[in-house]
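Inspection log for the structure reproduced underneath, given as structure tokens.
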Amino acid sequence: MEDEKREMHKVTCSDCGKETEVPFKPDGERPVYCRECFQKRRPRRDNFQRNDNY
Ligand SMILES: [Zn+2]
């Protein structure tokens with residue numbers, strides 16, 4: 001594995017508007033959150049039902 005270096009991407013949190021960095025590449029479509037907002041928005045349901053056509 002030569003993907004050792006973690007690329008950090010500067011983004012603006014979609015919730016609080018703070019500048020933050022994420023270790024993944026934002027796809028530009030999904031909102032990106034800083035750590036705090038990410039944790040506070042983290043879904044806490046264990047069994048989530050999908051209603052897609054799956
Ligand atoms: Zn935030």
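Here are the numbers for the structure shown:
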| read-out | value |
| --- | --- |
| Pairs with Cβ under 6 Å, 6+ apart, first in the stretch 13-34 and among the basic types (Lys, Arg), second more than 9 Å from the ligand (Cβ to nearest atom) | 25/9 |
| Residues located in the stretch 1-48, provided they are among the basic types (Lys, Arg), over 13 Å from the mean Cα position of the chain (by Cα) and at pLDDT 90 or above | 18 |
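The values are calculated or read from the model by the stated rules, or taken from the named source; none is laboratory data. No experiment lies behind these values; they were computed from the predicted model shown. Methodologically, a virtual Cβ is constructed for each residue, glycine included, from the backbone with ideal geometry; neighbour enumeration extends over all protein chains shown.
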